[in-house]
1. For the chain, what is the relative contact order in percent, using Cα pairs closer than 8 Å and at least 6 residues apart in sequence?
2. State, to one decimal in nm, how far the label point of ALA19 lies from the label point of CYS314, with both points 7 Å from Cα in the Cβ direction.
3. Looking at the square roots a ≥ b ≥ c of the eigenvalues of the Cα gyration tensor of the stretch 139-268, which shape do they give, rounded for a/c under 1.5, prolate if a/b is larger than b/c, or oblate?
4. Count charges around ASN127 for me, please; just the other residues with Cβ under 15 Å from its Cβ, Lys/Arg as +1, Asp/Glu as -1.
5. Would you work out the charge dipole size for the stretch 202-241 about its Cα centre, treating the Cβ of every Lys and Arg as +1 and the Cβ of every Asp and Glu as -1, and quote it to the nearest 20 debye?
6. At a probe size of 1.4 Å, how large is the accessible area of ASP277, to the nearest 10 Å²?
7. Report, to the nearest 10°, how far helix 167-176 tilts away from the longest principal axis of the Cα atoms in the chain, using its own Cα long axis and a range of 0 to 90°.
8. If you compute Kirkwood radius over Cα pairs in Å for the structure shown, which of [x] 25.4; [y] 22.5; [z] 24.5 do you land on?
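The values are calculated or read from the model by the stated rules, or taken from the named source; none is laboratory data. Note that the coordinates shown come from a computational prediction; the quantities given were computed from them, not determined experimentally. Don't worry about glycine lacking a Cβ; one is built from the backbone with ideal geometry, like all the others, and counts go over all protein chains shown. Heads up: the accessible areas ignore ligands, DNA and RNA and are worked out on the full protein's heavy atoms, side chains in. Shrake-Rupley method; radii C 1.70, N 1.55, O 1.52, S 1.80 Å.
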Amino acid sequence: MSYSPLLGSSFNRTFLRDAAHPCTFSGMCAMCTADCIGSCEIGLSAVRGMEMVYPNTTGDNQIASEKCYPVDYSHFNINGRVFGAVGAPEDPNLASIYHVGLDTVIGRTHPVKLALPIVLPAVIKLNWQDYFAGAAMAGVVAVIGEGAVSKDPTLRYEKGKVVHAPKLKEMLGAFERYNRGFGQIVLQTNYDDDLQGVSDYAIRECGAKAIEFKFGQSAKGTQPANRIETLEEALRQKERGFLVLPDPEDPAVQEAWKKRACPAFHTFGRLPMWREDYLLRRIQELRGMGMQTVCFKMAGYDPRDIEHLLRLACACGVDLVTFDGAGGGSGYSPCKMMNEWGLPTVALESTVAGILKKLAAEGLELPAVAIAGGFTTEDQVYKALALGAPHIRLVGMCRAPMAAATSAKKVGELVAAGKTPAHLAQMGSTIDELFLDLPQLRALYGSEADSFSPGAIGVFSYLNRIGYGLQHFAALNRKFHLRHADAEDLIPLTADALALLKGNWMAR
């Protein structure tokens with residue numbers, strides 16, 4: 001069987017003419033007819049060419065892998081126990097689901113408390129306002145995505161450096177307005193952001209306290225290529241310091257552009273070429289400006305690169321490293337890269353856990369580590385915490401919390417218009433009646449909670465469900481803090497799962 005999707009894709013709203021009779025190893029229809037209008041990926045590419053490496057449906061959508069991976073967290077069940085208690089007295093009045101601790105701490109010199117061991121990885125699209133606000137309400141880490149300054153219509157550069165991007169302060173403020181002493185807002189910077197001094201500006205002018213250096217993500221191991229429609233915009237982007245090809249300053253290219261005989265202009269995000277000597281110096285510089293927390297973002301690259309990055313993190317005193325497994329994604333990533341590259345999340349976690357065990361045995365001081373890539377429910381989160389114990393202590397959740405933000409916002413709009421969705425109408429017709437966790441927010445914030453955005457309440461409520469579900473699984477194993485979850489809490493259902501537990505799945 002083929003694990004890859006056929007040549008019809010939700011990425012581009014393409015479909016096979018005869019989906020009932022596919023050639024599974026190629027993805028085409030078994031019989032390709034001469035009179036076909038080209039509704040599949042091949043047909044669309046025949047018309048649109050190189051642009052079809054990327055989805056044409058980004059905009060207000062989230063996009064992730066369509067591949068059916070042969071291994072994932074469903075290959076495990078969760079164990080359970082009926083005797084004893086770890087982390088609490090063996091007393092049913094003191095050791096209950098309610099008493100399971102969920103909090104954790106990250107940070108070496110500036111500890112950051114989290115109410116849940118959850119990170120909301122980098123985005124700066126869709127309903128980011130509620131995504132960040134809900135993260136603060138839930139007391140978790142949230143990350144502003146790369147290239148965030150490009151969202152500012154007043155953005156200005158001088159000599160290739162950002163000197164005016166006040167929207168960054170608005171992004172940071174979306175979290176800080178609701179900060180209750182748990183969690184943190186982090187600004188991600190890619191290689192181009194760093195060259196353009198985005199971190200420097202964010203710390204000095206916007207009050208940023210945490211920076212994440214991006215090495216890669218599960219859906220986008222290379223940086224994006226963005227089409228530029230005009231010669232004038234291509235020149236502007238090059239002046240700002242971006243890599244633009246073909247070179248818009250080349251007279252021959254300009255002449256070809258006038259004749260409509262020039263390939264389309266694209267900005268090509270520079271591949272990260274982070275070096276240890278540079279990172280050591282750069283992190284020291286940013287700490288001198290006021291940065292308190294430094295993070296790395298890494299995807300499922302070659303295991304040698306994973307180990308290299310973790311050694312860099314130890315040498316640089318990094319506070320948090322997030323590893324992003326194949327299958328996730330939310331933004332503008334190449335279609336086939338989303339489907340066909342990198343380690344599936346569970347295999348990546350097993351690999352990372354093995355490397356962390358090796359580094360710990362060498363006596364290195366390890367950063368906090370999070371695993372991300374397609375997590376949506378509490379069973380998956382608990383399995384990840386158990387599989388990665390004791391070194392992988394957090395789980396990254398991106399698409400699902402953003403879905404909570406966007407759907408709850410939409411529900412709020414419909415309720416305000418007197419059009420409560422039918423599946424919710426039997427539960428109530430007002431925000432107060434529908435959002436059952438709103439009283440918890442009132443307990444935390446007082447009457448101010450009554451003015452909170454339904455989208456932000458939605459993120460808080462969704463993560464509240466995750467936390468409550470985690471308490472059930474931990475109590476099931478008679479463990480009364482999540483820090484006690486470990487591999488003994490997992491039941492492997494397949495040979496692959498057993499190999500993952502032993503840390504040698506890639507050798508199979």
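1. 20
2. 5.0
3. prolate
4. Working: positive: LYS125, LYS151, ARG399, LYS409, LYS410; negative: ASP60, ASP130, GLU170, GLU413.
Net of charged neighbours comes to +1.
5. Dipole about the Cα centre, nearest 20: 200 debye.
6. Roll a 1.4 Å probe over it and ASP277 shows about 80 Å².
7. 10
8. [z]
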